[in-house]
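> Please read through the structure below; I'll follow up with questions.
All of the numbers you see were taken from the coordinates with simple rules; none came from a lab. If you're wondering where the values come from, they're calculated on a predicted model, not measured in any experiment. Note that we place each Cβ from the backbone using ideal geometry, even for glycine, and neighbour counts take in every protein chain shown.
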Amino acid sequence: MSILLNRETRVLVQGITGRVGQAQTKWMLEYGTNIVAGVTPGKGGEEVAGVPVYNSAAQAVAERGAEASVFFVPPAAVKDASRETIDAGVRLIVVVTEHVPVHDAMEIKAYASGRDVQLLGPTSPGIITPGEAKMGIMPGNMFQPGRIGAISRSGTLAYEICVDLAAAGLGQSTAVGMGADPVPFTNLSELLRLFDADPDTDLVVIIGEVGGRQEEHAARFIASQMTKPVVAYIAGYSVPEGKRMGHAGAIVQGNMGTTKSKISAFQEAGVEVAEYPLDVVKLVQNKLG
Amino acid sequence: MKLYEFEAGGLFRQEGIPVPDFVVTDSPTQVRQATEKIGPPVVVKAQVLTGGRGLAGGVQVAESPEQAEEIARQILKSTIKGLPVSKVMVVKKAEVAREFYLGVTIDGLIGSPMVILSTAGGVSIEETAKTHPEMVVSNQIPILSGLSLPGAEKMTQKAGLDSDDSARIAEILHKLYHVFRKYDATIAEINPLVRTAKGEYLALDAKMEIDDSALFRHPDLSILPEDRIASPLEKKGRQIGVAYVELDGEVGIISTGAGLGMATMDIVSQRYRPANFLETGGGISEELLYQVMELIMQKQGLRAVFINLLGGINPIHEGARGIVRFLQEHPTNIPIVARVMGNRQEETRQILREGGVEVATEVATEKCVEHLFRRLEGGR
């Protein structure tokens, strides 16, 4: 089993006719994802890799029963596309698009709040349930099926650690990329809650990085509510103050967003924190006995 | 992207926030002339994209036009936190009766704007929040409805302001929130907002940062982010479309992802100092990696390079050709070690080996960086 996505999930690809959308659609299909439709306004009636293209999410939902959507749409179009897709009744939206204006992200998050939909991103590398399906750009060969839940702010760092885990025989139930923007649609603690409730996840690995206070907030959730063991890694102890490190949200401002703050919050919550990526494997092995 | 005080002040004024008249110039003579016109005493303020100017001598009071000119000359020659000062602002010194702090920022966890009001102005809000939390009122604003004037008044009343202050400051707070929304700001701050001895309200400082991802919506700002990057190498990075951060160490780093790049920096930092952070992003091509090599090799005092290519479905083999072509055209003696994983990894490794790059074949980055350590410590 898994969270949010499995081989049956009926997936819609928005921005399917673009260069990235087309290429990623082929990779997702090859992996086994049940892609039922694509959307690009004005391109309804076309096909991409055998997938029918519609003009709107509402049409794709009505005609193909799409229930989850992955976005490869331009940043300026994400806000309207999100509203339209939420209104169409899709229950999961994965926004791979980078450089979404942060005011738009706030508006989207506010619009989604109280509605029955989960959003990942912006700048999400995607979500993958190994051996079943993937939405987004995560390379399938870096993940193996198993019972570890993985949550990552960064794509490449998720690959790094999941490959290390897989090499030790520790596959993943689902790996989720929450993105590293200043305002993620879904907070780390909400994803932890989903893994905590998943019968096929034994332990959750958090792959964090400098910036914001997602980890600090999640630590409180872990201490008070989480029943499963959690292991964490935080990248960026060598990052200087005031410099944005590639990701829009990866910035240390004064004492805020430092690895030190995150690590001590986790340690107070009883979460063991790996010093370097490979140490995650040892900590997971210790926890699982 | 940070705005200069005079730019933020200009936007504030356009939206009806009371900002005192000012002159901005790079000429000490003009500072003298402006002071003659405004009438001393004036304040001469360095225009730099960093906080803490006051402590660094970047804000000084002048009692005469001659003194203003002299202060301007001195400030224009100085650097503040490593940033050269190219412009100063001259403004009439206000007679301050009371100071306040007004700010709007983003709460990343809640995902909404946060409006902050403090009855202690002129000091950092972080400091006040720690020492006098009772003087700070903050409020998360539901972004879809926004901050209304009555909403702003509730805040000023909660802060315990008397009726005159309350009504006028609520109005300014309401306008500040409007500027924040209108220009896609991540921060909009007035510190301090003052009530003068004459009972006027004035924004004596203006701070604003605009979301880089939203600049496309504000062509009217006609501000190029490249123009405000002090490091020539960081400027070059932005031009070729990679995230490059200049650091003061000796090991150059290239990474195909941001998180991976930070982890690689951490690992290298066990024994050496990184010379840079560089993330290529997903658009890997031969040309891009050629330019990336050209960029990182320009750093003075570079002793080694570690390249972390975690390809996924990126064409890393094409990137490898760019790296090798650069090295053929610009032979170097410093060790270059690469870690390669992902799509077409064997082909990529072969291209790099033939180009004189040492390829580490272990799975984990830690193990691969050890190859670099060995090379730097004289082994093979």
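> Please get the size of the charge dipole for the stretch B:21-92, origin at its Cα centre, with Cβ charges of +1 on Lys and Arg and -1 on Asp and Glu, quoted in debye to the nearest 20.
On the way: 9 positive and 7 negative charges, 59 e Å.
Using Cβ point charges on Lys, Arg, Asp and Glu, the stretch B:21-92 gives about 280 debye.
> So which lysines can B:Lys198 reach, going by Cα to Cα under 17 Å and dropping same-chain residues fewer than 8 places off?
Here the lysines satisfying the reach criterion relative to B:Lys198 are B:Lys92, B:Lys93.
> Using θ = phi - 60° and the Karplus curve 6.51 cos²θ - 1.76 cosθ + 1.60, what whole-Hz ³J(HN,Hα) does each residue of the stretch B:56-62 get, with Gly and Pro shown as x?
Once rounded to whole Hz, the list reads 8, x, x, 10, 9, 8, 10.
> Okay, next question. Can you tell me the alpha carbon radius of gyration of the stretch B:21-92 divided by the globular rule-of-thumb value 2.2 N^0.38 Å? Intermediate results must be reported in sequence, preceding the final value.
Numbers: Rg = 10.8 Å, N = 72, 2.2 N^0.38 = 11.2 Å.
It is 0.97.
> Additional query: Considering only DSSP beta bridges with both partners in the protein assembly as shown, what is the antiparallel share in %, to the nearest 5?
Details: 56 of 109 bridges.
Taking every DSSP beta bridge with both residues in the protein assembly as shown, the antiparallel ones total about 50 percent.
> For the stretch B:129-192 and the stretch A:211-261, write down the distance between their C-alpha centroids in whole Å.
When both Cα centres are located, 28 Å separates them.
> Still on this structure, I have one more. Below 20 Å, Cα to Cα, which aspartates and glutamates can A:Lys79 reach? Residues fewer than 8 away in the same chain don't count.
List returned: A:Glu67, A:Asp87, A:Glu98, A:Asp104, A:Glu107, A:Asp116, A:Asp181, B:Asp107, B:Asp184, B:Asp211, B:Asp212.
> Need one value for B:208-219: mean number of C-beta atoms belonging to other chains within 10 Å of its residues' C-beta atoms. The partial results should precede the final answer.
Details: counts 0, 0, 0, 9, 5, 15, 8, 2, 4, 4, 0, 0.
That average works out to 4.
> How much mean residue ellipticity at 222 nm does chain B get from its helices, if each DSSP H run of length 4 or more adds -39500 (n - 2.57) and you divide by all residues, to the nearest 500 deg cm²/dmol? Kindly include the intermediate steps, with their values, before the conclusion.
Numbers: 12 runs with 138 residues, N = 380.
Counting only the DSSP helices, I get -11000 deg cm²/dmol.
> Hey, could you get me the Stokes-Einstein D for the stretch A:1-124, Kirkwood radius over alpha-carbon pairs, 10 °C and 1.306 mPa s, rounded to whole µm² s⁻¹? All intermediate terms of the calculation are to be shown ahead of the outcome.
Working: Rh = 14.2 Å.
For the chosen part, D equals 112 µm²/s.
> Scaled to the compact-protein estimate 2.2 N^0.38 Å, what is the alpha-carbon radius of gyration of chain B, rounded to two decimal places?
Working: Rg = 25.9 Å, N = 380, 2.2 N^0.38 = 21.0 Å.
The reported ratio for this selection is 1.23.
> Using the Cα centre of the protein assembly as shown as the reference point, and only Cβ charges (+1 on K/R, -1 on D/E), how large is the resulting charge dipole? Debye, rounded to the nearest 20.
Values: 66 positive and 80 negative charges, 90 e Å.
Approximately 440 debye in magnitude.
> Check every DSSP H run in chain B and write down those whose alpha carbon atoms cover 24 angstrom or more along the long axis and whose mean Kyte-Doolittle hydropathy is -0.5 or greater.
Values: long enough: B:163-182 (28 Å, -0.47).
Correct list, ordered by number: B:163-182.
> Take every residue in peptide A:243-255, count the Cβ atoms of other chains within 10 Å of its Cβ, and give the average of those counts.
Numbers: counts 5, 5, 9, 16, 7, 5, 2, 7, 0, 0, 1, 3, 1.
The per-residue average across the peptide is 5.
> Which value does Rg/Rh take for the protein assembly as shown over its C-alpha atoms, Rh per Kirkwood?
Rg divided by Rh gives 0.99.
> I'm checking a number: the convex hull volume of the Cα atoms of the stretch B:96-221, normalised per residue, in Å³. What is it? Walk me through the intermediate numbers first.
Details: hull volume 13.9 nm³, N = 126.
Per residue, the Cα convex hull of the stretch B:96-221 comes to 110 Å³.
> Please compare each pair in B:Lys45/B:Lys182; A:Lys243/B:Lys367; B:Lys182/B:Lys235; A:Lys243/B:Lys154; B:Lys37/B:Lys154 to a cut-off of 30 Å on the Cα-Cα distance and tell me which ones are over it.
A:Lys243/B:Lys154; B:Lys37/B:Lys154
> Further question on the same structure: Beyond 26 Å, how much of the Cα-Cα pair distribution for chain A remains, as a whole percent? Could you put the intermediate results ahead of the total?
On the way: 16677 of 41616 pairs.
That tail contains 40 percent of the Cα-Cα pairs.
> Please enumerate, by chain and number, the lysines with C-alpha under 26 Å from the C-alpha of A:Lys228, excluding those fewer than 8 residues away in the same chain.
The reachable lysines, counting only those whose Cα sits under 26 Å from A:Lys228, are A:Lys134, A:Lys260, A:Lys262, A:Lys282, A:Lys287.
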